[in-house]
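> Pasting a structure below so you can have a look.
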Amino acid sequence: MLLSKIKNTKILKAYDAIKTSFWFTPCLILSLTILSCISLLLIDLYAGLHSLSWLNFLYHANAGITRDLLTTIASSVMTVVSITFSITIVALTNASSQFGPRLIRNFMEDSSTQVVLGVFISLFVYCLILVRTTDDFAGGSFLPGLTMAGAIVMTLFGILLLIYFIHHVSLNLQSDSVIDNVYNELQYSINQIFKQQKEEEDTSCSTQKKQIQDAKQTNSKQFPFRSHSCGYIQAINYANLTNLMGRLDGHLNVLVNPGDFVVNRMIVMTSDIKQLSDEDKQTLHDCFTLGPKRTPIQDPEFAVHQLVEIALRALSPGINDPYSAIACIDKLTASVCDLTQKNFPEGIMYDENDIERVTYKTTSFENLANIAFDQIRQYSQSCLAVQLRQLEGLIRIAEQANRSTHWSFIRHQKLMIEHELEQQQLVDLDKKEASIRLQTLSKLLDNA
């Protein structure tokens, strides 16, 4: 939910980098643990809890035995930490080889893994700090009983957390779980992107005014602006672009999408303003956040490509797992069915006076749907089960289609799959199965 509330694209990029890191959450937990340890030590030193009769069991212990216990816990925790890191690396290696290197992001984003690493490292540091303080109470004059109790509680919690972590990793390495997690991310990403773009386009103008503006923009000369660097566009700050064009009384046409790769000196936008100050030019370019890889910040195609990549790897001869490919098709079909119920953004931004200031490229139903089906269809020519599943998916989509663009996509995919089936030498029963699905799909298209 936090992602939808952040408007600044630079903060969005930083937030996404932190969310998919193995250092931020563990360091945060470690800092809180150190503060807690120091606080408990100060309470033990100045609160006088050792004088309370009902807490005597915490403050009557041998300093030597206490040191040995803490040392044992610390050494054991380091062993557990090494095991945890080993399990994590194995999981990342397996994800990279079986599902694709881009899926590593999903495993790194898993908050459970980050919390487990942070808790075990924090427990080790906690015990080290406490062992160091045993020099002060070796004579028995001071014993941090409450802090010792904290170490024991953290150790017990760590044991339970280790059991949970092993179960969690075992569950997440299953292909069905990986596919479902990517599907959930796809749904969330599309919903947030649509919601953000709709909010930005919330201020609209009348059709007449738009026609006048469109005619004005068509007649005006457009001047290009080129990229200063290369990389994938991770986010575009359309609000800042609109504010700048409103201040300069101009119009800007953005020619690239989040997820596109741009090179140096590539034309990324055009404007009817011929001359801009160096400061305004820099502001324009600062609205584009570039990076070495694609992210789901404003890119609805990102998670679709992830599901497609899992399906393509499953269809490769080295893995040969058509069931995983079929699971991906089912999730992609569900996503495309949901897209039939959405109104795609116009790609127009207006200023506070309802004047059109920025037009930009938006994704379309045909684009997302074709990405979901094209490559899998092309790679599944030797797998009839996958082709039949795609036909079933098209039937599900046709049952919910309500626009000409939906029917055009379905008709195009049906013709392609039908052509590929005709090139294969199928036995009669297989031909019958394919024919039944094609006939059902044809009836739905005829009734459109």
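> Looking only at the stretch 342-373, which residues are of a type in the set (S, T, N, Q), more than 14 Å from Asn257 (Cα to Cα) and within 23 Å of the chain's Cα centre (by Cα)?
Asn343, Asn370
> Which count do you get for residues in the stretch 413-431 that are in contact (Cβ under 8 Å) with a residue 24 or more places away in the chain and open to solvent by 80 Å² or more (accessible area, probe 1.4 Å)?
The qualifying residues number 1.
> Any residue in the stretch 283-309 that is farther than 19 Å from Ala14 by Cβ sitting within a Cβ distance under 6 Å of a residue that is of a type in the set (Gly, Ala, Ser) and assigned to a loop (DSSP other than H, G, I, E, B)? List the pairs, counting only those 6 or more apart or interchain.
Correct list of pairs: Glu301/Gly259; Glu309/Gly100.
> So for the stretch 292-299 (the condition being of a type in the set (D, E, K, R), within 28 Å of Val182 (Cβ to Cβ), open to solvent by 10 Å² or more (accessible area, probe 1.4 Å) and at pLDDT 90 or above), does at least one residue qualify?
So far as the stretch 292-299 goes, no, none of its residues is of a type in the set (D, E, K, R), within 28 Å of Val182 (Cβ to Cβ), open to solvent by 10 Å² or more (accessible area, probe 1.4 Å) and at pLDDT 90 or above.
> Now for a different question. With Arg377, Arg396 as the choices, which residue is basic (Lys, Arg) and surrounded by 17 or more Cβ atoms within 10 Å (Cβ to Cβ)?
Unique residue meeting the criteria: Arg377.
> Let me ask something else. Which ones in the stretch 25-42 are open to solvent by less than 80 Å² (accessible area, probe 1.4 Å) and over 14 Å from Thr133 (Cα atoms)?
Residues satisfying the conditions are Thr25, Pro26, Cys27, Ile29, Leu30, Ser31, Thr33, Ser36.
> For a quick check of your reading of the model, give me the residue pairs whose first member lies in the stretch 103-115 and is more than 13 Å from Trp23 (Cβ to Cβ) and open to solvent by less than 20 Å² (accessible area, probe 1.4 Å), whose second is assigned to a helix (DSSP H, G or I) and among the charged types (D, E, K, R), with beta-carbon atoms closer than 9 Å and at least 6 apart or on different chains.
Leu103/Glu309
> Another question, if that's okay. Looking for something touching a residue at least 24 places away in the same chain (Cβ under 8 Å), surrounded by fewer than 18 Cβ atoms within 10 Å (Cβ to Cβ) and part of a helix (DSSP H, G or I) - is there at least one such residue anywhere in the stretch 273-281?
Yes, some residue in the stretch 273-281 is touching a residue at least 24 places away in the same chain (Cβ under 8 Å), surrounded by fewer than 18 Cβ atoms within 10 Å (Cβ to Cβ) and part of a helix (DSSP H, G or I).
> Would you check which residues across the stretch 307-341 are over 16 Å from the mean Cα position of the chain (by Cα), open to solvent by less than 40 Å² (accessible area, probe 1.4 Å) and aliphatic (A, V, I, L, M) and list them?
Ala311, Leu312, Ala314, Leu315, Ala325, Ile326, Ala327, Ile329, Leu332, Ala334, Val336, Leu339
> Assuming Val304 fulfils every condition listed in (1) open to solvent by 30 Å² or more (accessible area, probe 1.4 Å); (2) closer than 21 Å to Phe261 by Cα apart from one, which condition is it?
Going through (1) open to solvent by 30 Å² or more (accessible area, probe 1.4 Å); (2) closer than 21 Å to Phe261 by Cα one by one, Val304 breaks only (1).
> Ok, one more. For Ala434, state whether it is in contact with a helix residue (DSSP H, G or I) (Cβ under 6 Å, 6 or more places away or on another chain), open to solvent by less than 40 Å² (accessible area, probe 1.4 Å) and over 29 Å from Ala303 (Cβ atoms).
It is true that Ala434 is in contact with a helix residue (DSSP H, G or I) (Cβ under 6 Å, 6 or more places away or on another chain), open to solvent by less than 40 Å² (accessible area, probe 1.4 Å) and over 29 Å from Ala303 (Cβ atoms).
> Further, regarding this structure: Hey, could you check the stretch 80-102 for residues that are in a helix (DSSP H, G or I) and within 20 Å of Ala325 (Cβ to Cβ) and say which is most open to solvent (accessible area, probe 1.4 Å)?
Looking at residues that are in a helix (DSSP H, G or I) and within 20 Å of Ala325 (Cβ to Cβ), I get Arg102.
> Okay, next question. Is it fair to say Asp299 is closer than 27 Å to Gly100 by Cβ, part of a loop (DSSP other than H, G, I, E, B) and under 21 Å from the mean Cα position of the chain (by Cα)?
Taking the combined requirement at face value, the residue satisfies it.
> Filter the stretch 157-167 down to residues that are surrounded by 17 or more Cβ atoms within 10 Å (Cβ to Cβ) and of a type outside the set (Gly, Ala, Ser), then give me how many there are.
Of the residues in that region, 3 qualify.
> Filter the stretch 258-272 down to the residues that are under 23 Å from Ala14 (Cβ atoms) and outside any loop (DSSP other than H, G, I, E, B), then identify the one that is most open to solvent (accessible area, probe 1.4 Å).
Phe261
The values are calculated or read from the model by the stated rules, or taken from the named source; none is laboratory data. Just so it is clear, the model here is predicted, and its values are computed rather than measured. Heads up, the Cβs are rebuilt from the backbone with ideal geometry, glycines too, and the neighbour counts pull from every protein chain shown. In case anyone asks, the SASA skips ligands and DNA or RNA and just uses the protein heavy atoms, side chains included. Shrake-Rupley method; radii C 1.70, N 1.55, O 1.52, S 1.80 Å.
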